[in-house]
Amino acid sequence: MKFKVLLDEWQKKTAPARTATEYSVRLPVDDAARIHALADLFPGQSKEAIITDLIGLALQELAASMPYVPGKKVISQDEQGDPVYEDVGLMPRFMELTRKHKKKLGSGG
């Protein structure tokens, strides 16, 4: 999802499912002011929902920015028959850890 899509969703007042776990953060004053400004612009969205959505989008962008680092092991071939090497960068481990924590958070602990 891109920021434009997020802004469109806020205008429609949709909200995805949330975890029972809460996270408390203290924001820099400039960031807090921006959150308040967004809440004023989108009165159907709470400040908490805005923060949650922005964190989600930032995490998607972060994952998309993790570079592919080819390893030595060939895992498949592309359409031209060239080898595709396993990714030994951060992404596979990030995805594995994400699935692990999602499973724990989804089961209530």
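The residue of the range 21-44 that is modelled with the lowest pLDDT, among those that are open to solvent by 100 Å² or more (accessible area, probe 1.4 Å) and within 29 Å of G106 (Cα to Cα), is E22. A single member of Q45, Q80 is within 21 Å of A20 (Cα to Cα) and not in a helix (DSSP H, G or I), and it is Q45. The C-beta contact set for the range 51-76 (first residue over 30 Å from A39 (Cα atoms), second residue open to solvent by less than 90 Å² (accessible area, probe 1.4 Å) and assigned to a helix (DSSP H, G or I), distance under 9 angstrom, 6+ apart or interchain) comprises M66/M91; M66/F94; P67/M91; Y68/M91; V69/M91. Just one residue in the set M95, M91 is open to solvent by less than 60 Å² (accessible area, probe 1.4 Å) and within 18 Å of the chain's Cα centre (by Cα); that residue is M91. Output the residue which, of all residues in the range 11-20 that are under 18 Å from L59 (Cα atoms) and of a type in the set (A, V, I, L, M, F, W, C), is modelled with the lowest pLDDT. Ranking the candidates gives A15 first.
The values are calculated or read from the model by the stated rules, or taken from the named source; none is laboratory data. None of the values given here were measured: they were computed from a predicted structure. Neighbour counts are summed over all protein chains in view; Cβ atoms, including those assigned to glycine, are modelled from backbone coordinates with ideal geometry. These area figures cover heavy atoms from the full protein model, side chains too; ligands, DNA and RNA do not enter into them. Shrake-Rupley method; radii C 1.70, N 1.55, O 1.52, S 1.80 Å.
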